[in-house]
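Colleague: Take this structure, written in structure tokens, and hold onto it; I'll ask about it next.
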Amino acid sequence: MPTFTPDPTAHMHLCILENDDLDPPLSQRYTRVAAMFEHLFAQTGYQGRIDTFSARHGQYPASFETYDAVLLTGSRADSFSDEPWVVALREQVTRLLQGQHKLLGVCFGHQLIAHCLGAPVQRAPQGWRVGRQAYEWLGDAEHLGLAPGVPARMALLASHQDQVLALPPGATLLATQADCPVAAYALGDQVFCIQPHPEFTPEMSAFLLDKRRALLGEPLYERSMGSLSEPHDGLALARFMIRFVQYGLSA
């Protein structure tokens, strides 16, 4: 008789701090930002619980103690701004870091956590990074389901004009490219952050590109739209994020 092995994620409990509201055309399809992560994690086989709070609207759990990790989503806001809700979020994240809570950050979340760790975050010198972007993965190739001993590359969908300009003190660089040197980092087994969006779909990226077409200019717009037909590694990155919550970098 076969032995039943319970899914190790079944008892996990994640908190998503949602840092933006979707534009109406996107909300009709994706509902809300956190739902995109819920869908992505479900594709990995994740069977645990997820609670969502809108940090943008001042919502937080009464306590973070029951959560295995807290995920900070992207946002159109600047992580270094003086907007009251951003200041409040930085205060929350600083307390979470001091309390040794496990954190995941994506795009704005990646930048805000780095800011709280003492790293410089500003406008990217190269301007907007949009569409499908390729990165060198500096972690173990197995993290992305790749064979060991070969150069690891990762492609994800990006949309940002701000960047982390230097690695936070004590952090390990995990992904890089010439125009985005700090594309992903980890701080021990406590923090994992990534600049591009594993949760994005090509349709989501296309909407944002259309929205900013005049701002981006035709050459960048056309190149970026054309890149969306190529596959990306969002699912592989999501699997790594879940494993990081379970085991840290030793997974």
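Colleague: Counting every Cα pair in the chain, what percent are over 33 Å apart?
Modeller: The calculated P(r) of the chain puts 13 percent of pairs beyond 33 Å.
Colleague: Would you mind telling me the share, in percent, of accessible area of segment 60-183 contributed by carbon and sulfur at probe 1.4 angstrom?
Modeller: After summing per-atom areas, the C and S share lands at 51 percent.
Colleague: Nothing charged except the Cβ atoms of Lys and Arg (+1) and of Asp and Glu (-1): what's the magnitude of the dipole of segment 75-129 about its Cα centre? Round to the nearest 20 debye.
Modeller: Approximately 200 debye in magnitude.
Colleague: Once amide H atoms are built 1.01 Å from N in the peptide plane, which residues 5 or more positions from Leu71, or in another chain, come under 5 Å H to H?
Modeller: Cys15, Ile16, Leu17, Leu104
Colleague: May I have the convex hull volume per residue, in Å³, for the Cα set of segment 117-216?
Modeller: 107
Colleague: Additional query: Taking every DSSP beta bridge that has both residues in the chain, what percent is antiparallel when rounded to the nearest 5?
Modeller: The answer is about 60 percent antiparallel.
Colleague: Per residue, how much accessible area does segment 1-105 have with a 1.4 Å probe, in Å²?
Modeller: Heavy-atom accessible area per residue stands at 52 Å².
Colleague: All other residues with a Cβ under 13 Å from the Cβ of Gln190 taken together, and with Lys, Arg as +1 and Asp, Glu as -1, what is their net charge?
Modeller: On the way: positive: Lys102; negative: Asp68, Asp189.
The answer is -1.
Colleague: Still on this structure, please answer the following. Modelling each spin label as a point 7 Å along the Cα-to-Cβ direction, I'd like the Gln28/Leu173 distance in nm, to one decimal.
Modeller: Label-label distance for Gln28 and Leu173, simple model: 4.4 nm.
Colleague: Determine how large the accessible area of Cys107 is when every protein chain is in place; take a 1.4 Å probe and give Å² rounded to the nearest 10.
Modeller: 10
The values are calculated or read from the model by the stated rules, or taken from the named source; none is laboratory data. These figures come from a predicted structure and were not determined experimentally. FYI the Cβ positions are ideal-geometry reconstructions off the backbone, even for glycines, and counts take in every protein chain you see. To get the accessible areas, we keep the full protein, side chains included, count just its heavy atoms, and leave off ligands, DNA and RNA. Shrake-Rupley method; radii C 1.70, N 1.55, O 1.52, S 1.80 Å.
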